[in-house]
Every structure is written in structure tokens, then in C-alpha cells.
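Notes for the one structure printed next.
The values are calculated or read from the model by the stated rules, or taken from the named source; none is laboratory data. Since the model is a prediction, treat every value here as computed from it, not as a measurement. Please note: Cβ atoms are built from the backbone with ideal geometry, for glycine as well, and neighbour counts cover all protein chains shown. The accessibility values were calculated without ligands, DNA or RNA, using every heavy atom of the protein model including side chains. Shrake-Rupley method; radii C 1.70, N 1.55, O 1.52, S 1.80 Å.
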Amino acid sequence: RPAVWADDREAARAATEHLLSLGHANVHYVAIPASTGTRRLAGPRAEGWRQALEAAGITPPPPSGKGWDAQAGYEAGKKLARNTDVTAILCGNDDLALGVLRALHHAGRRVPEDISVIGFDDAPHSAFVTPSLTTVRMDFHGLGRAAFGLLRAQLDTDQQESAPVPAEPTLILRESSGPRDA
């Protein structure tokens with residue numbers, strides 16, 4: 001079947017590698033639920049995170065999280081904040097990351113001085129929270145255009161144009177990630 005997608009796996013791997021390059025010994029993951037209708041226990045973002053840690057010789061800690069929204073992120077963040085060995089967190093989306101940031105603030109953990117946080121999707125509000133959220137920018141408009149292009153090609157056999165190609169996911173560096181304090 002024709003399909004378009006962004007490489008979530010590669011984007012999560014790159015974000016995890018970025019945190020490791022900043023000196024973090026491990027990266028915890030606050031997961032979004034796996035896509036409905038799949039047999040996988042983890043989605044591509046979790047797989048990319050896990051692959052990056054394993055490639056670095058690090059045993060991935062169990063993922064946290066039980067939802068998509070800021071409240072689920074807040075609950076996961078409260079648990080992670082209690083563990084002072086946690087210095088880096090990758091979140092499956094920006095809403096989870098906002099909840100994690102709030103939980104860390106309530107626990108007295110400073111971002112990014114004590115702990116780095118990266119979100120996913122580059123939601124419009126991500127640049128305007130304090131600290132501004134480092135995130136993976138997904139080209140959702142490009143994905144929509146590409147999907148429409150595929151549909152149009154299926155319906156209009158005279159169409160000669162190829163479907164537009166969405167931009168690759170991009171790590172957007174902002175204030176919520178930084179080097180591991182010594």
C-alpha cells in the first residue's frame with residue numbers, strides 16, 4: 001500500500017545520541033503508547049532510543065509513561081525526579097515533556113543543570129515554555145502534502161508530478177538540554 005512517514009526511529013536515535021554526547025551516562029524514555037493495530041510492544045521512537053543506548057553499550061532502563069498528555073508526563077516525571085541518577089530524559093512527544101518539566105520543577109530539579117529533557121514533534125508552544133524545549137521537529141505539513149500527493153496519484157492516472165517529499169525530522173536545540181554537570 002502507498003504510504004508516507006517520517007523516520008521516527010532515526011530521529012529518536014539521533015536525539016538519544018545527542019544526550020549521550022553531552023556526557024549523560026544514560027537516557028530515560030517517557031514513552032507514547034505504541035500505534036494501535038500493531039503487534040509491536042514499542043513504537044519506532046522507543047526502538048530508536050533503545051538502539052542508540054545499546055549501540056553505546058548501555059542497558060536501556062524501562063520506559064516510563066502511560067499516555068500522550070502532559071498529565072501522563074507529569075506522573076512519569078515525578079517518579080524520575082526522585083532518582084538523582086537520572087540526568088537525561090527523552091519524551092515521546094512535547095506534551096509529555098511539558099509534564100516532565102513541571103514535575104522536575106516541583107521536585108527542585110533544575111533543567112538543564114541537573115537534568116536534560118528533549119521532546120518530540122516541535123509543538124508550537126515548545127519554544128515558549130521556560131526553559132524552552134529542545135525537541136525533534138517533525139514536518140507534519142509535509143507529511144500531509146505527501147499523503148495527499150499519493151492519494152491524488154492513485155485517483156488521477158494522468159498526473160505526472162511525483163508526490164512531495166516531507167522534510168527529515170530535525171533536532172531543534174533549545175534551553176532544556178545541556179552538558180552533564182560534573
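Placing dummy labels 7 Å off each Cα toward the beta-carbon, the span from LEU151 to TRP68 is 1.8 nm.
Each DSSP beta bridge with both residues in segment 69-182 is either parallel or antiparallel, and the antiparallel ones are about 30%.
For segment 1-154, which whole-number percentage of the solvent-accessible area (1.4 Å probe, protein heavy atoms only) is attributable to carbon and sulfur atoms?
Numbers: 4220 of 7850 Å².
About 54 percent, which is the carbon plus sulfur part of the accessible surface.
Accessible surface for ARG13 stands near 60 Å², nearest 10, in the context of the full protein assembly shown (1.4 Å probe). As a rough guide to protection, the peptides 66-78, 49-61 ranked by mean Cβ packing within 10 Å, highest first, stand as 66-78, 49-61.
So, by mean Cβ neighbours within 10 angstrom, what's the order for 145-155, 169-179, 112-122, 14-24 with the highest one leading?
For the peptides 145-155, 169-179, 112-122, 14-24, the packing ranking is 112-122, 14-24, 169-179, 145-155.
The mean accessible area for residues of the chain, using a 1.4 Å probe and ignoring ligands and nucleic acids, is 55 Å² per residue. Measure nothing fancy, just the Cα-based angle from helix 140-155's long axis to the longest principal axis of the chain, in degrees from 0 to 90, nearest 10. Its long axis makes an angle of about 20 degrees.
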